[in-house]
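Below is one structure, written out as structure tokens, with a few remarks after it.
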Amino acid sequence: MSTNKAPLRATDVRRRTVLPTTLQNMHNAAVAGAAAGNELASEEHLDAIEEELNRKVDADTEVLVEGMAELVKMSKIDGKDHFRVAQEAFQAECRTESMIRAAHSLLSLSHTLKLLHLFADTATPTLTRERLAAQLDKDIEAAKAKVDSLVAGGASA
């Protein structure tokens, strides 16, 4: 029994997907906002969210900076016994893992902010589309006037 399945084609087209962590972050932010922000005004709520995001960025950046400084400090091997070198190797692994978690956290935050920017701003594309439509209407009217003048000029000749 043979089936005629079309072969899968390799493509470089990006397929947009929503990461589960992004959905979880957005859901957690919505739940936290609903629990704490019902009595806040819109501007105050946005300021609170901005402060929270800034704190998160600062904390993750601090972890990355401290981790890199610690790794550089531990990289010197001269005058250390094998036990101390092994201990520092383990510390370097732990520090690296925490740095990777911080980097992933920043990446997730960046992705979430991109999605929020992508889906939140609906006024700007509408205004741009209306401005373009108005310009095209003017161009069409100018073209019609030019055609009318050419037709009128050709009819009188």
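The values are calculated or read from the model by the stated rules, or taken from the named source; none is laboratory data. The shown structure was predicted, so the numbers you read here are calculated from the model rather than taken from an experiment. Positions of Cβ are backbone-derived with ideal geometry, glycine not excepted, and every protein chain shown enters the neighbour counts.
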Go through the range 100-122 and give me each residue that's at pLDDT below 90 and surrounded by 11 or more Cβ atoms within 10 Å (Cβ to Cβ).
THR112, LEU113, LYS114, LEU115, LEU116
Answer residue from the range 78-134, given it is within 30 Å of the chain's Cα centre (by Cα) and among the β-branched types (Val, Ile, Thr) and is nearest to GLY67 (Cα to Cα) among those
THR96
Which listed residue is modelled with pLDDT of 90 or more, out of contact with any Lys or Arg (no Cβ under 6 Å at 6 or more places or on another chain) and under 30 Å from THR61 (Cα atoms), from GLU141, GLU97:
GLU97
Given the criterion at negative phi, among the small types (Gly, Ala, Ser) and touching a residue at least 24 places away in the same chain (Cβ under 8 Å), identify the matching residue among SER149, SER105, SER75.
SER105
Determine which member of the set VAL72, VAL65 is exposed (fewer than 10 other Cβ atoms within 10 Å of the Cβ) and either within 34 Å of the chain's Cα centre (by Cα) or under 30 Å from LEU113 (Cα atoms) (or both).
VAL72
Given (1) assigned to a helix (DSSP H, G or I); (2) modelled with pLDDT under 90; (3) surrounded by 10 or more Cβ atoms within 10 Å (Cβ to Cβ), PRO125 misses just (3)
